[in-house]
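The values are calculated or read from the model by the stated rules, or taken from the named source; none is laboratory data. Since this is a predicted model, take the numbers as computed values, not measurements. All Cβ positions, even for glycine, are placed from backbone atoms using ideal geometry, and neighbour counts span all protein chains on display. Areas reflect the complete protein model, heavy atoms only, side chains present, ligands, DNA and RNA absent. Shrake-Rupley method; radii C 1.70, N 1.55, O 1.52, S 1.80 Å.
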Amino acid sequence: EHEVIEPSEFALISRGVCTEKDITDMEMNILFALGWRVQPPTALSFVRHFLALISSFHEIDELMLHNLYALSQLQINVSVNEYYFVSVKPSTVAVASILNSADAVANSILSKSLPSSFVATLRKQGLIWVPEREIKHVQDKLLEGIAVSEVNHDDRNRLLRKFSRSPSTVLYQLWS
């Protein structure tokens, strides 16, 4: 729950040590020292924005968008527990999770056209600068994370025995 505490309340709490102006001046000093990087966007917030962008270039129904979001969210939730992703930009994780999600949608026009046009659009708009090999590496790491995760542990084990050990197969089956 977010509550906004007004500078006047802080000044009151300080019992006259700080004025309202002192409080707002210090807030500005802190914000500038942090370079305004107070709450950076998460991978999931990038997914929401990127899916909105995708839907403006491709005709995608709401169910497909929901499924792409849900699959991406599953991968991102797993990535939060993996040390590898600490140094990966949230936007890169988002792109990789969306591409994996589109790949997991069997026989979809979207999955065939999305990778090249989606990444090209993001590059053209100046939204990503990551080399494609790095995106592919992150895609693989996300899928590896899904394959070894505790998400649906029983289902995961059953799927790994029933199907190939391909992480994308596991991801597709978990989504279906």
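In segment 44-107, what GluC sites (Glu not before Pro) fall in a loop by DSSP, with at most 14 other Cβ atoms inside 10 Å? Write out the running numbers ahead of the final one.
On the way: sites: Glu59, Glu62, Glu82; in loops: Glu59, Glu82.
Here the GluC sites (Glu not before Pro) that fit, given the DSSP loop and packing criteria, are Glu59.
For Arg15, what charge total do you get from the other residues with a beta carbon under 15 Å from its beta carbon, if Lys and Arg give +1 and Asp and Glu give -1?
Working: positive: none; negative: Glu9, Glu20, Asp22.
Computed value for this residue: -3.
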Worksheet item: Tell me, what is the 1.4 Å probe accessible area of His137, in Å² to the nearest 10?
Response: 90
Worksheet item: Separation of segment 118-141 and segment 28-106 by C-alpha centroid, Å?
Response: 12
Worksheet item: In nm, to one decimal, how far is the modelled label at Arg15 from the one at Asn29, with both set 7 Å along Cα→Cβ?
Response: 2.2
Item to complete: Kindly sort Trp36, Trp129 by accessible area of their heavy atoms, largest first, with the probe set to 1.4 Å.
Response: Trp129, Trp36
Worksheet entry | In Å², nearest 10: area of Leu34 left accessible to a 1.4 Å probe | 80
Response to the item:
A correct Karplus calculation of ³J(HN,Hα) over segment 61-68, with 6.51 cos²θ - 1.76 cosθ + 1.60, θ = phi - 60°, whole Hz and x for Gly and Pro, returns 6, 4, 5, 5, 4, 4, 5, 4
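Mind listing which trypsin sites (Lys or Arg not before Pro) in segment 1-43 are in a DSSP loop and have 11 or fewer other Cβ atoms within 10 Å? Display every interim value, and only then the final one.
Numbers: sites: Arg15, Lys21, Arg37; in loops: Arg15, Arg37.
Qualifying residues, ordered by number: Arg15, Arg37.
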Discussion item. For Cα pairs less than 8 Å apart in space and 6+ apart in sequence, what is the mean separation divided by the residue count of segment 1-91, i.e. the relative contact order in percent?
Written reply: 26
